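Peer 1: To start, I am sharing the structure in question, which I have written as structure tokens.
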Amino acid sequence: MTPVIEATGLTKRFGDFTAVDHVSFRVEPGEVFGFLGPNGAGKTTTMRMIQCVSPKTEGSLRVFGMEVEGREAEIKSQIGVVPQENNLDPDFTVYQNLLVYSRYFDLPRPEAEAVIEELLTFVELTEKRDTPIEKLSGGMKRRLILARALVNRPRLLILDEPTVGLDPQARHLIWERLREIRNRGNTIVLTTHYLEEAERLCDRLVIMDRGGILVEGPPRELVKQHAGTHVVEADDTPQVRACLDRLGARYEPMGEILQAYTDTPRDVTRALVGECQLGHVAARPATLEDVFLRLTGRKLRE
Amino acid sequence: MSNPLGLLALPRLTPRVFHVWQRNRDVFVKTYRVNFLPPFLEPILYLLSLGFGVGSFIPEIAGVSYPEFIAPALISITIMNAGFFECTYASYVRMYYQKTYDAIIATPLTIDEVIVGEILWGATRALINTTIMLPVLFLFGVVDLPWAILVIPFAFVAGLLFASIGMCFTALTPGIDTLNLPTFLFITPMFLFSGTFFPLSLLPAPVQYLAVGLLPLTHVVTVIRSLTLGVPATMLPFSLLWLAVATVLLFLFSVNLMKRRLVV
Ligand SMILES: Nc1ncnc2c1ncn2[C@@H]1O[C@H](COP(=O)(O)OP(=O)(O)OP(=O)(O)O)[C@@H](O)[C@H]1O
Ligand SMILES: [Mg+2]
């Protein structure tokens, strides 16, 4: 099957600055594909190239098998976009926002009305249909944007930080809806800073940093490969370091503590507590966050 | 950037342009009460104070009464303001603060189509305001039918020009505050020195040349005055030609300048 997105050596420069640097990836039909990475990694820039709103500088980018240059309108008519920054139309109500947006896709009025009813139910905003945008909460706005992204019944849904700033309930509702969309056979590409979100939703993901892709794979495998099954945490002292060195464990300092990545947490813990006579030791399952921090470092990005 | 001819590139358009126009029309209709009042009241206020007030000291100007002389200028100024302000402050707010353009270009519409839709809407505002004004002026007995009817379609064309000029400034302005510069340095002088409230011939010759060469409002006033008085001005053919060329050039400039700003 033709991949939904196929990028090869995709590059974006703003003047001298390279925001996306020769990235290559493939998104297959029906999968949920995630882009993770610290602030400024180049996620939004990559999304905007896929959406055909920002021209690439170099490389090849195919969406639905079409090279994007020159086919923008055709591609965009089959994509739904949830942008990072809310851009609902403040001059209109909830319902009008969806109706006006459906016109941009040349949807006939009766069909648009039917789709909009369905979508308002889908995102649980039926009661807010006549509410002006400024009166919506952050979560409602995000849900409305999701509904808006679906008015053209897109084959590919692109979400740039869909759940940013939402409470757990709203976040769970969006996750639920994204799974439903996926189960209908649509393809989803999303970016997120919530690693739990990525772990739950994504079939595959990439971690980006400074414009490049560091790793790619299913979340579980990435954890296993880069962090092992478990993390054992202990105070960062010379004794602990010596002890871990003796055990031959992989470890890294994370602030005041040392984190050891291991598939045999019990052995490591027993060794630390028993042989090395140490108090503060904790073992927990490794997560995507461990992989993320290991690969991208702890330093804050500008 | 290096190719100056890039400024003249033709926009690629589809009928979807109309959806941008529709969006603005829908907002306009929602708030119609505030939108209809100014073009209705403004000519009355100007006619009463300038036309009949100041005008009572002026027995005749260029062969007509003073209110008849300024009536076409009032229409021209309305067209200028409608087109220019719609595509400067209003468009800038939609582009920068409301992110309306960002939302629209995520659909099959291109940035070309968004800008052209905005300019068409600016021209439509000029047409709407003129249509509201004309009957008021007619009731005051200061416009001559039937020629004055042609002012309505002409308002759309002249509106296109001022909307395009506005859009050029929107494309170039660093922020919303700096839009005050073209307003004070370009729109206000035009308002005063385009043969609006006194004949151009009263100005020193060099200033006259400047007004004829560079101020679009001069030519709009010439055309509309010819229509509302029912007497073609000597300069009429030249003014029509000047307006045609300027409208085409500035329309193309505005779309391409906007693309430079927004396609990154
Ligand atoms: N229009 C632009 N002009 C110049 N530089 C830009 C532009 N857009 C983005 N950048 C730069 O490109 C880099 C990548 O930005 P991008 O928005 O893609 O990051 P991101 O991964 O989405 O970050 P975040 O998680 O904060 O949203 C940043 O350094 C940013 O400053
Ligand atoms: Mg981003």
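Quick note: the coordinates plus some simple rules give every number you see, no bench work behind them. Every value quoted in this text rests on a predicted model; they were computed, and no experiment measured them. Note that we place each Cβ from the backbone using ideal geometry, even for glycine, and neighbour counts take in every protein chain shown.
Peer 1: List the residues, sorted by chain then number, that are 5 or more residues from A:GLY80 or on another chain and whose placed amide H is less than 5 Å from its amide H.
Peer 2: A:LEU156, A:LEU157, A:ILE158
Peer 1: Now for a different question. Using label points projected 7 Å from each Cα along Cα→Cβ, tell me how many nm separate A:ALA242 and A:ARG266, to one decimal.
Peer 2: 2.9 nm
Peer 1: By how many degrees, 0 to 90 and rounded to 10, does the Cα axis of helix B:17-30 deviate from the longest principal axis of chain B?
Peer 2: Computed tilt is about 60 degrees.
Peer 1: Which far-off residues, 5 or more places away or on another chain, put their amide H under 5 Å from the one on A:MET208, with H placed in the peptide plane?
Peer 2: A:LEU36, A:GLY37, A:LEU214
Peer 1: What list of ³J(HN,Hα) values in whole Hz, one per residue of region A:260-273 in order, does the Karplus curve 6.51 cos²θ - 1.76 cosθ + 1.60 (θ = phi - 60°) give from phi, with Gly and Pro shown as x?
Peer 2: These are the phi-based 3J(HN,Hα) values: 9, 9, 7, 9, 10, x, 5, 4, 5, 4, 4, 4, 5, 6 Hz.
Peer 1: Still on this structure, please answer the following. What distance in nm lies between label points placed 7 Å from Cα along the C-beta direction at A:GLN78 and A:MET254?
Peer 2: According to this spin-label approximation, the distance is 4.2 nm.
Peer 1: Going 7 Å from the Cα of A:ASP203 toward and past its Cβ, which residues in region A:65-79 have a backbone nitrogen under 17 Å from where you end up?
Peer 2: Those under the cut-off are A:65.
Peer 1: State the dimensionless ratio Rg/Rh of chain A (Rg: radius of gyration of Cα atoms; Rh: Kirkwood radius).
Peer 2: So for chain A, dividing Rg by the Kirkwood Rh gives 1.06.
Peer 1: Determine ³J(HN,Hα), in whole Hz, for all residues of region B:120-135 in sequence, where each value follows from phi through the Karplus function 6.51 cos²θ - 1.76 cosθ + 1.60 and θ = phi - 60°; x replaces Gly and Pro.
Peer 2: Values per residue, Gly and Pro as x: 4, 5, x, 5, 5, 4, 4, 5, 4, 4, 5, 5, 6, 6, 4, x Hz.
Peer 1: Residue-wise, which Karplus ³J(HN,Hα) couplings in Hz belong to region A:109-115, taking 6.51 cos²θ - 1.76 cosθ + 1.60, θ = phi - 60°, and x for glycine or proline?
Peer 2: So the J values, rounded to whole Hz, are 3, x, 5, 4, 4, 5, 4.
Peer 1: Compare A:ALA227, A:ALA149, A:ALA260 in a GNM of chain A, Cα atoms joined below 10 Å, and give the one with the largest fluctuation.
Peer 2: So, out of A:ALA227, A:ALA149, A:ALA260, the one fluctuating most is A:ALA260.
Peer 1: Given R₀ = 56 Å, what would the calculated FRET efficiency be for A:SER24 paired with B:LEU241, taking r from the Cβ atoms and rounding to 0.05?
Peer 2: With R0 = 56 Å, the Cβ-Cβ based efficiency is 0.50.
Peer 1: Sorting B:LYS99, A:LYS128, A:LYS43 on the 10 Å Cβ count, fewest up front, what's the list?
Peer 2: B:LYS99, A:LYS128, A:LYS43
Peer 1: Oh, and also: In region A:219-301, which trypsin sites (Lys or Arg not before Pro) are in a loop and have at most 15 other Cβ atoms within 10 Å, using DSSP for the loop call?
Peer 2: Working: sites: A:ARG220, A:LYS224, A:ARG241, A:ARG246, A:ARG250, A:ARG266, A:ARG270, A:ARG294, A:ARG298, A:LYS299, A:ARG301; in loops: A:ARG298, A:LYS299, A:ARG301.
Counting only loop positions with at most 15 other Cβ atoms within 10 Å, the trypsin sites (Lys or Arg not before Pro) in region A:219-301 are A:ARG298, A:LYS299, A:ARG301.
Peer 1: Explain nothing, just the number: dipole magnitude of region B:17-263 about its Cα centre with +1 on each Lys and Arg Cβ and -1 on each Asp and Glu Cβ, in debye rounded to the nearest 20.
Peer 2: Roughly 480 debye, rounded to the nearest 20.
Peer 1: Using a Förster distance of 35 angstrom, determine the FRET efficiency expected from the C-beta separation of A:ASN39 and B:LEU181, and round it to 0.05.
Peer 2: With a Förster radius of 35 Å, E is 0.50.
Peer 1: Could you give the length gained on full extension between B:TYR97 and B:LEU203, defined as 0.36 nm per residue of separation minus the Cα-Cα distance, in nm?
Peer 2: Length gained between B:TYR97 and B:LEU203: 33.9 nm.
Peer 1: May I pose another question? Just to be sure I follow: if Rg is taken over the C-alpha atoms of the protein assembly as shown and Rh is the Kirkwood radius over the same atoms, what is Rg/Rh?
Peer 2: Working: Rg = 31.2 Å, Rh = 27.5 Å.
Looking at the protein assembly as shown, the ratio lands at 1.14.
Peer 1: Which percentage, to the nearest 5, of the DSSP beta bridges contained in region A:5-218 is antiparallel?
Peer 2: Restricted to region A:5-218, the bridges split so that about 55 percent are antiparallel.
Peer 1: If you don't mind, there's one more thing I want to ask. Considering all alpha-carbon pairs of region B:17-263, what whole percent are spaced by more than 35 angstrom?
Peer 2: The calculated P(r) of region B:17-263 puts 14 percent of pairs beyond 35 Å.
Peer 1: Rounding to the nearest 20 debye, state how big the charge dipole of the protein assembly as shown is about its Cα centre with +1 on each Lys and Arg Cβ and -1 on each Asp and Glu Cβ.
Peer 2: Details: 53 positive and 57 negative charges, 85 e Å.
Taking the Cα centre of the protein assembly as shown as origin, the dipole is about 400 debye.
Peer 1: So for B:CYS168, A:CYS52, B:CYS87, fewest C-beta neighbours within 10 Å to most, what's the order?
Peer 2: Arranged by neighbour count, lowest to highest, B:CYS168, A:CYS52, B:CYS87 become B:CYS168, A:CYS52, B:CYS87.
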